[in-house]
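Structure first, commentary second.
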Amino acid sequence: MSGAHGTHAYDLVVAGGGPAGSTVASLVAMQGHRVLLLEKEHFPRYQIGESLLPSTVHGICRLLGVDDEMERAGFTVKRGGTFRWGTNPAPWTFTFALSPRLAGPTAYAYQVERMKFDTILLNHARRVGVQVREGTPVSKVLQSEGTVHGVEYIDQRGRAQTARARFFIDASGHRGRLHRAIGGLRRYSEFFRNIALFGYFEGGKRLPPPNSGNILSAAFDSGWFWYIPLSQHLTSVGAVIRHEMAAKVRGDPEQALLALIGECPLVAEYLADAHRVADGPYGQIRVRKDYSYCNTAFWRPGMALIGDAACFVDPVFSTGVHLATYSALLAARSINTVLAGHMGERRAFQEFEARYRREFRHFYEFLVSFYDLHVAESSYFWEARKVTGLPSSDAEAFATLVAGVASDEATLHEAGDVAARLAQTSSGLSRAVHQVAAQTKAGEEDMSPLFAQPTLGQAMRESAVIQRQALAGTTDGQESVLFEGGLVTSSDGMHWTTPPPQ
Ligand SMILES: Cc1cc2nc3c(=O)[nH]c(=O)nc-3n(C[C@H](O)[C@H](O)[C@H](O)COP(=O)(O)OP(=O)(O)OC[C@H]3O[C@@H](n4cnc5c(N)ncnc54)[C@H](O)[C@@H]3O)c2cc1C
């Protein structure tokens, strides 16, 4: 808890209120810590990245406690993906249910309008006590003697302000510059040097049920298309083309997109009776270039990078939000463990970085082979098993990897159990957090209102100590360490702990 770091106004400051930032902020605040989240824009704001994986929906959202709200939002249910890809001339489909880890009711994800999804997560952060300020960009990372200890930001009146914190998380996405303070380099992929051109259509055709909510991905000579059914009427359509084809996206973007659609018979057929949305947030045709990269460092004392601020790999398997929310979970565990006084920062964050890099590497290696279009789908399935080393059939390994549940992480596919244990051990704490969060006054510039009341703060600290004592050293018994001297997850999913002796 915060006692050991009395000179800091906050235990954690987060830059960015996308899925990565909201998730890490909530998971740390849910342990009773003081968290400030600064977001440059005003929500709802547009973002690309609409096709989710089951690991986000049934793992992270369940752990956060927004799964019911997600269900009520009425997002399109995605049972898997349909591909016109490789040597097979006919589209082929995979379902998440093929993965042994997702058997049963969790074998689906959602296609989401990010304006709605990101707002659900940000509002949830507010409800669990995070102090959220929109329209407030972080402008500078503060550091001394090799340690980051806060940020400078511009408040809504345009004044420069300082927030001191024990930890700073950069979750400001691909465009931010704050990641430079980590001290490493951002390395762009030579392999995935692609350009995406995307827009929205109404009235597009749907795949036949039960796959009508699937993402449809279709390869064509210049690259590939995504076709994502966001609702019964609205479809997100994007072309991803190789860098050498850049001339095709110059000039009028609408003409360029329509010409590319004309090159891809399957997508042209699906859009034959559709019209492009021409106004509102979906009226613009947008371009993104060179968007696959990885930073050489993910953390340094006092600071870590998560989500697109750390790394991103080509969107063909819709892994961006999964990597953002999974890295947020890993970072939250490291922060919670250090703040609880159970472990040093280096050990806790080495675990964060090792697990995050492994997840990124699995997708990166797999995607390189997936871009070989001269093979049949069975070859992609085989590659998925090779990359993950999973002891299952090739097709099962493929479904497990592309569902985001290939890591040895019960939290991502059995979150119901983990969430129940978390609720059991921390119900008093979270009740208190909810009560005080409800009293939060918007726009307060200084201390988190959560800790403005000394008695409550004390009660929460004691409750968290009891909780940690109950959990210390316990694991769910399933997880193995990733490297020698590595850590395992506590049974509540919120901390790291040392593995029991063999
Ligand atoms: C073409 C394309 C297609 C994609 N399709 C998919 C898909 O189908 N499925 C999928 O899962 N992913 C997809 N992605 C990836 C997805 O968009 C990202 O991985 C995801 O949005 C990352 O979340 P994040 O929270 O890290 O960053 P973001 O969602 O970008 O959020 C970062 C936030 O930080 C804020 N910010 C920026 N600078 C500052 C600052 N200085 N101070 C404070 N706040 C700041 C921004 O306003 C923003 O709200 C796609 C990406 C591309 C390029």
Task: For Ser212: the one exception among (1) open to solvent by 10 Å² or more (accessible area, probe 1.4 Å); (2) within 15 Å of the ligand (Cβ to nearest atom); (3) hydroxyl-bearing (Ser, Thr, Tyr) - done: (2)
Task: Pair list, Cβ < 6 Å and 6+ apart or interchain, from segment 397-414 residues that are among the hydrophobic types (A, V, I, L, M, F, W, C) to residues that are surrounded by 24 or more Cβ atoms within 10 Å (Cβ to Cβ) and part of a loop (DSSP other than H, G, I, E, B) - done: Ala399/Ser99; Ala403/Leu53; Ala403/Ser99; Leu412/Val405
- [ ] Give the residue that is surrounded by the fewest Cβ atoms within 10 Å (Cβ to Cβ), with candidates limited to residues of segment 133-162 that are under 25 Å from the mean Cα position of the chain (by Cα), among the small types (Gly, Ala, Ser) and not in a loop (DSSP other than H, G, I, E, B).
- [x] Ser139
Open item on the list: So, in segment 305-315, exactly how many residues are farther than 16 Å from Pro19 by Cβ and not in a loop (DSSP other than H, G, I, E, B)?
Closed with: 0
Task: Test set (1) open to solvent by 30 Å² or more (accessible area, probe 1.4 Å); (2) over 27 Å from Leu27 (Cα atoms); (3) within 23 Å of the chain's Cα centre (by Cα) - Ala397 fails condition number - done: (1)
Open item on the list: Given (1) open to solvent by less than 30 Å² (accessible area, probe 1.4 Å); (2) of a type in the set (Gly, Ala, Ser); (3) over 30 Å from Leu53 (Cα atoms), identify the lone condition not met by Ala125.
Closed with: (3)
TODO: Collect the residues in segment 269-305 that are touching a Gly at 6+ places or on another chain (Cβ under 6 Å), away from the ligand (no atom under 14 Å from the Cβ) and among the aliphatic types (A, V, I, L, M), keeping them in residue-number order.
DONE: Leu271, Ala274, Val277, Ala297
- [ ] Of all residues in segment 66-80, count the ones that are open to solvent by 10 Å² or more (accessible area, probe 1.4 Å), touching a helix residue (DSSP H, G or I) at 6+ places or on another chain (Cβ under 7 Å) and touching a residue at least 24 places away in the same chain (Cβ under 8 Å).
- [x] 3
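Please enumerate the residues belonging to segment 310-353 that are under 30 Å from Arg84 (Cα atoms) and among the aliphatic types (A, V, I, L, M). Steps first, answer last, please.
Residues of segment 310-353 under 30 Å from Arg84 (Cα atoms): 311-326.
Correct list: Val313, Val316, Val321, Leu323, Ala324.
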- [ ] Could you grab me the full set of residues in segment 34-63 that are within 14 Å of the ligand (Cβ to nearest atom) and not in a loop (DSSP other than H, G, I, E, B)?
- [x] Leu36, Leu37, Leu38, Ser51, Pro54, Ser55, Thr56, Val57, Gly59, Ile60, Cys61
Task: Residue in segment 480-499 that is most open to solvent (accessible area, probe 1.4 Å), counting only those that are of a type in the set (Ser, Thr, Tyr) and at pLDDT 90 or above - done: Thr498
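For every residue, the table says whether it meets (1) buried (at least 24 other Cβ atoms within 10 Å of the Cβ); (2) within 18 Å of Phe168 (Cβ to Cβ).
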{"position": "Val313", "(1), (2)": "yes, no"}
{"position": "Leu323", "(1), (2)": "yes, no"}
{"position": "Ser327", "(1), (2)": "yes, yes"}
{"position": "Gly341", "(1), (2)": "no, no"}
{"position": "Arg347", "(1), (2)": "no, no"}
{"position": "Val368", "(1), (2)": "no, no"}
{"position": "Tyr371", "(1), (2)": "no, no"}
Open item on the list: Can you tell me which condition Asp221 does not meet? The list is (1) acidic (Asp, Glu); (2) in contact with a helix residue (DSSP H, G or I) (Cβ under 8 Å, 6 or more places away or on another chain); (3) open to solvent by less than 50 Å² (accessible area, probe 1.4 Å); (4) more than 10 Å from the ligand (Cβ to nearest atom), and all the others hold.
Closed with: (3)
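Assess whether Leu27 counts as being open to solvent by less than 10 Å² (accessible area, probe 1.4 Å), within 16 Å of the ligand (Cβ to nearest atom) and touching a strand residue (DSSP E or B) at 6+ places or on another chain (Cβ under 8 Å). Please lay out each step first, then the result.
Values: open to solvent by less than 10 Å² (accessible area, probe 1.4 Å): yes; within 16 Å of the ligand (Cβ to nearest atom): yes; touching a strand residue (DSSP E or B) at 6+ places or on another chain (Cβ under 8 Å): no.
No; evaluated as a whole, the condition is false for this residue.
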TODO: Read through the list (1) of a type outside the set (A, V, I, L, M, F, W, C); (2) near the ligand (Cβ under 8 Å from one of its atoms); (3) under 26 Å from Ser144 (Cβ atoms), then give the number of the only condition that Gly344 fails.
DONE: (2)
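Yes/no per residue for (1) within 20 Å of the chain's Cα centre (by Cα); (2) closer than 25 Å to Val368 by Cα:
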site: Ile285; (1), (2): no, no
site: Asp290; (1), (2): yes, yes
site: Ala310; (1), (2): yes, yes
site: Leu329; (1), (2): yes, no
site: Ile335; (1), (2): yes, no
site: Leu339; (1), (2): no, no
TODO: Kindly check whether there is at least one residue in segment 169-188 that is away from the ligand (no atom under 12 Å from the Cβ), part of a strand (DSSP E or B) and either open to solvent by less than 20 Å² (accessible area, probe 1.4 Å) or small (Gly, Ala, Ser) (or both).
DONE: no
Open item on the list: Which count do you get for residues in segment 254-289 that are open to solvent by 60 Å² or more (accessible area, probe 1.4 Å), in contact (Cβ under 8 Å) with a residue 12 or more places away in the chain and not in a helix (DSSP H, G or I)?
Closed with: 6
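The values are calculated or read from the model by the stated rules, or taken from the named source; none is laboratory data. Values in this document were obtained by computation on a predicted structure and should not be read as measured data. Heads up, the Cβs are rebuilt from the backbone with ideal geometry, glycines too, and the neighbour counts pull from every protein chain shown. The protein model used for the area step is the full one, side chains on, heavy atoms only, and it has no ligands, DNA or RNA in it. Shrake-Rupley method; radii C 1.70, N 1.55, O 1.52, S 1.80 Å.
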